[in-house]
Amino acid sequence: MKKLRIYFLMCLVLLLKASTAVFADDGYRLWQRYDLIKDTGKLSNYRQLITQVIVEGNSPAAAVIKKELGNGLQGLLGQTPESMQPVKDNAVVVGTTATPLISALRLTDRLNKVGKEGYLILTTTVNGKKATVVAANTDIGALYGAFHFLRLLQTNQDISKLAITNAPKTQFRVLNHWDNLNRTVERGYAGFSLWDWHRLPDYIDQRYIDYARANASVGINGTVLTNVNANALVLTKPYLEKVAALADAFRPYGLKVYLTARFSAPIEIGGLKTADPLDPAVRAWWKTKTDEIYTHVPDFGGFLVKANSEGQPGPQNYGRNHADGANMMADAVGNRGIVIWRAFVYDDKVPDDRAKQAVNEFKPLDGTFRKNVMVQVKNGAIDFQPREPFHPLFGAMPKTPLMMEFQITQEYLGQGTHLFYQAPLFKETLDADTYAKGAGSTVAKVVDGTLHKYEITGMAGVSNIGNDRNWTGHHFGQANWYAFGRLAWDHALSSEAIADEWLRMTFTNDNNFLAPVNKMMMDTREIVVNYMTPLGLHHIMGWSHHYGPGPWIKDKQRADWTSVYYHKADEKGVGFDRTASGSNALGQYFPPVQKKFGNVKTCPEEFLLWFHHLPWDYKTKSGRPLWDEIVYRYYKGAEDVKGMQQTWNTQQSHVDEERFQHVKTFLSIQEKEARWWRDACVLYFQTFSKRPIPANLPKPEQTLEYYMNLDPKFVPGI
Ligand code: BDP
């Protein structure tokens with residue numbers, strides 16, 4: 001009897017475990033969840049409008065569309081629409097100009113406007129039957145259209161009268177993985193690299209497919225597999241075979257593979273004595289190597305190169321310039337692909353202002369690059385800070401296509417554990433006006449090619465993806481991957497709209513959840529800036545790993561790797577004078593921008609200390625003296641994280657337990673670390689200002705010495 005009871009108890013435990021497993025959600029499915037639509041009205045409406053799905057074509061991409069729509073609709077509608085012809089009423093027909101049903105619709109004029117990757121989604125008739133049509137010029141366009149259609153259902157939109165014309169605004173929409181061949185990820189906070197080089201090429205992890213699906217669903221069409229601090233080994237035959245296996249897995253999803261090229265590869269793996277880009281043997285080596293790559297990967301995207309930056313080899317080692325280096329590789333690639341040459345350069349001599357170096361080196365080269373070269377420029381001139389003014393190169397190179405580089409991974413934004421929704425940061429840069437051709441010459445117009453009529457255009461995002469089960473470490477990190485893809489496709493989308501889509505697909509369509517959580521996401525930008533680097537402060541994080549505060553960092557081998565170089569705090573005041581009386585980095589912008597940022601009265605307060613060194617008693621817009629304003633912002637930032645926690649805590653009923661607790665725990669880390677930033681920075685700057693922390697604010701929890709002595713070990717990402 002006793003035995004029986006134990007047996008029953010054990011069964012009960014197992015049953016309970018199984019049922020929580022069903023309801024728990026580890027976030028693996030990202031925004032592609034395809035759970036049964038909860039709103040019963042919508043559900044029955046969708047079921048009526050989608051009784052049949054016909055995907056035309058036999059290509060691998062068409063097979064992917066069939067599978068995705070099959071799984072998606074089965075999940076969302078709870079029933080599988082039939083797929084056999086002839087067309088009946090309430091069909092969804094997906095195809096291209098090359099497939100019979102779609103070509104018979106004579107959509108050529110409209111399709112001519114959407115290019116290779118665009119699509120139409122129309123409520124119309126096919127063979128006299130009422131239908132929803134997803135039409136494109138290519139299979140990949142149709143795939144993007146199919147994902148858009150699924151998104152309409154996932155976000156509970158009206159699909160009864162569709163007339164959508166959609167095409168990407170930039171051509172190359174690329175993730176940059178800073179993944180090393182040993183699977184560590186530079187500045188990666190979500191586990192190890194997805195690429196299991198050791199098991200490749202034989203073992204194709206399902207993750208590769210799901211990665212490609214997720215990218216295709218937001219229109220990302222390229223992936224640089226390896227770190228910009230490159231290892232030449234990836235260009236050797238055994239690795240190229242592995243690269244080819246990944247490229248084969250990604251191809252049906254329209255995702256092309258790119259590699260980083262180490263400039264000294266001809267020496268390291270080619271046995272040459274030099275890597276001089278004007279040396280015929282070096283040029284021949286790159287040509288042969290590139291041809292070899294194309295035998296493995298016929299649609300290889302091209303190379304991404306970091307040269308003469310942070311100790312990486314480059315053409316300057318041989319007295320040549322960036323164009324000499326880029327053009328050599330561009331010639332090797334020819335019309336098969338592109339070379340993306342990074343403008344993130346600075347040498348190791350003490351510079352007058354690191355912010356100026358890219359313009360100094362690249363602007364004179366405008367017009368000297370081959371047609372298939374893009375220069376990839378970080379959003380700001382220093383390095384992915386919580387807030388930076390737009391990079392002065394945008395607008396300054398009318399004859400060279402400039403590709404935007406954003407950092408999706410949160411190196412300077414709380415790394416793996418802080419909730420920071422990046423779309424507002426991306427948008428701030430894209431919407432900034434360069435005045436290159438008068439008012440309205442936004443960075444977005446430079447990047448999408450409309451301002452200077454660039455022939456090729458692109459946007460890159462440094463990936464935040466690793467082998468953590470939920471891909472990005474923080475569940476909300478997924479939103480940044482998503483937002484990058486959506487903005488690379490269409491930079492005119494608003495941050496709120498992107499957050500809304502993502503939240504609906506990732507969590508729920510319930511408005512009681514959407515409104516407060518969307519607001520929380522939107523607020524994170526300002527909150528993080530406040531508790532890390534308010535009022536234009538920048539580059540004051542921990543040494544090398546860049547984790548936590550480190551405004552005291554000084555006396556390192558390079559001045560521009562220290563914090564004191566950037567904040568320049570002294571007894572008189574704080575901030576980097578980049579006006580004509582200082583480094584005059586401001587002189588690199590067009591005159592209206594110079595004028596605006598150069599005058600303390602018109603300089604937006606968020607960039608104040610980026611451009612100006614100001615006395616501690618300088619009166620800020622709030623009426624508070626600068627010192628008090630800095631303190632106020634640090635405290636406000638830290639306090640606002642508590643508000644985020646409160647918002648999240650009220651959402652428990654809308655979120656599965658696993659993700660709810662995960663986010664909750666990470667928010668408590670963020671809250672703790674926001675206080676760490678606040679207290680460490682305020683105490684440090686106080687040693688210069690010699691002013692009190694207003695009495696109504698809580699005292700810092702520890703001494704400055706305590707914070708300065710913190711020395712976290714094995715921080716991920718280095
Ligand atoms: C900095 C990172 C470093 C990268 C470098 C780059 O700290 O790890 O290698 O940028 O973009 O932000 O090349």
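The figures follow:
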| quantity | calculated |
| --- | --- |
| Top-ranked residue of region 110-144 - restricted to ones that are in a helix (DSSP H, G or I) and in contact with a Leu (Cβ under 7 Å, 6 or more places away or on another chain), ranked as most open to solvent (accessible area, probe 1.4 Å) | Arg110 |
| Qualifying residue in region 554-573 (condition: in contact (Cβ under 8 Å) with a residue 60 or more places away in the chain, assigned to a helix (DSSP H, G or I) and under 23 Å from the mean Cα position of the chain (by Cα)) | no |
| Hits in region 148-162 (condition: over 11 Å from Val134 (Cβ atoms) and not in a helix (DSSP H, G or I)) | Thr155, Asn156, Gln157, Asp158, Ile159, Ser160, Lys161 |
| Any hit, region 79-87, residues being open to solvent by 90 Å² or more (accessible area, probe 1.4 Å), assigned to a helix (DSSP H, G or I) and outside the structural domain of Gly254 (by TED's automatic domain parsing) | no |
| Verdict on Ile540 being of a type in the set (Val, Ile, Thr), touching a strand residue (DSSP E or B) at 6+ places or on another chain (Cβ under 7 Å) and in contact (Cβ under 8 Å) with a residue 60 or more places away in the chain | yes |
| Given (1) free of Cβ contacts under 8 Å to residues at least 60 places away in the same chain; (2) out of contact with any helix residue (DSSP H, G or I) (no Cβ under 9 Å at 6 or more places or on another chain), number of the condition Gln645 does not satisfy | (2) |
| Helices (runs of 4 or more DSSP H) within region 595-697 that include 1 or more residues among the basic types (Lys, Arg) | 626-649, 657-689 |
| Some residue of region 289-302 being within 16 Å of the ligand (Cβ to nearest atom) and either assigned to a loop (DSSP other than H, G, I, E, B) or basic (Lys, Arg) (or both) | no |
| Any hit, region 420-434, residues being farther than 30 Å from Gly548 by Cβ, of a type in the set (A, V, I, L, M) and free of Cβ contacts under 8 Å to residues at least 60 places away in the same chain | no |
| Answer from Leu430, Leu393, Leu425, Leu413 - the residue that is within 12 Å of the ligand (Cβ to nearest atom) and among the aliphatic types (A, V, I, L, M) | Leu413 |
| Qualifying residue in region 59-66 (condition: without any contact (Cβ under 8 Å) to a residue 12 or more places away in the chain, within 19 Å of Phe149 (Cα to Cα) and surrounded by fewer than 17 Cβ atoms within 10 Å (Cβ to Cβ)) | no |
| Tally, over region 214-239, of residues that are outside any loop (DSSP other than H, G, I, E, B) and in contact (Cβ under 8 Å) with a residue 12 or more places away in the chain | 14 |
| Among (1) touching an Asp or Glu at 6+ places or on another chain (Cβ under 8 Å); (2) not in a loop (DSSP other than H, G, I, E, B) - the single one Glu405 does not satisfy | (1) |
| Qualifying positions in region 163-180 - open to solvent by less than 30 Å² (accessible area, probe 1.4 Å) and either free of Cβ contacts under 8 Å to residues at least 40 places away in the same chain or within 16 Å of the ligand (Cβ to nearest atom) (or both) | Val174, Leu175, Asn176, His177, Trp178, Asp179 |
| Condition check for Val174: among the aliphatic types (A, V, I, L, M) and within 18 Å of the chain's Cα centre (by Cα) | yes |
| Residue check for Val92: in a strand (DSSP E or B), more than 22 Å from the chain's Cα centre (by Cα) and in contact (Cβ under 8 Å) with a residue 40 or more places away in the chain | yes |
| Region 547-566 - residue that is in contact with a Gly (Cβ under 8 Å, 6 or more places away or on another chain) and more than 19 Å from Ala638 (Cβ to Cβ) and, of those, surrounded by the most Cβ atoms within 10 Å (Cβ to Cβ) | Ser563 |
| Region 336-350, subset away from the ligand (no atom under 16 Å from the Cβ) and either in a loop (DSSP other than H, G, I, E, B) or in contact (Cβ under 8 Å) with a residue 60 or more places away in the chain (or both), residue most open to solvent (accessible area, probe 1.4 Å) | Lys349 |
| Flag for Lys363 being within 18 Å of Val443 (Cβ to Cβ), in a helix (DSSP H, G or I), open to solvent by 10 Å² or more (accessible area, probe 1.4 Å) and more than 12 Å from the ligand (Cβ to nearest atom) | yes |
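Quick grid of which residues meet (1) open to solvent by 30 Å² or more (accessible area, probe 1.4 Å); (2) within 16 Å of the ligand (Cβ to nearest atom):
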site: Gly188; (1), (2): no, yes
site: His198; (1), (2): yes, no
site: Pro201; (1), (2): yes, no
site: Gln206; (1), (2): yes, no
site: Tyr211; (1), (2): no, no
site: Gly219; (1), (2): no, no
site: Thr226; (1), (2): no, yes
site: Asn229; (1), (2): yes, yes
site: Glu241; (1), (2): yes, no
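The values are calculated or read from the model by the stated rules, or taken from the named source; none is laboratory data. None of the values given here were measured: they were computed from a predicted structure. Cβ: placed from backbone, ideal geometry, glycine included. Neighbour counts: every protein chain shown. These accessible areas exclude ligands, DNA and RNA; they are computed on the full protein's heavy atoms, side chains included. Shrake-Rupley method; radii C 1.70, N 1.55, O 1.52, S 1.80 Å.
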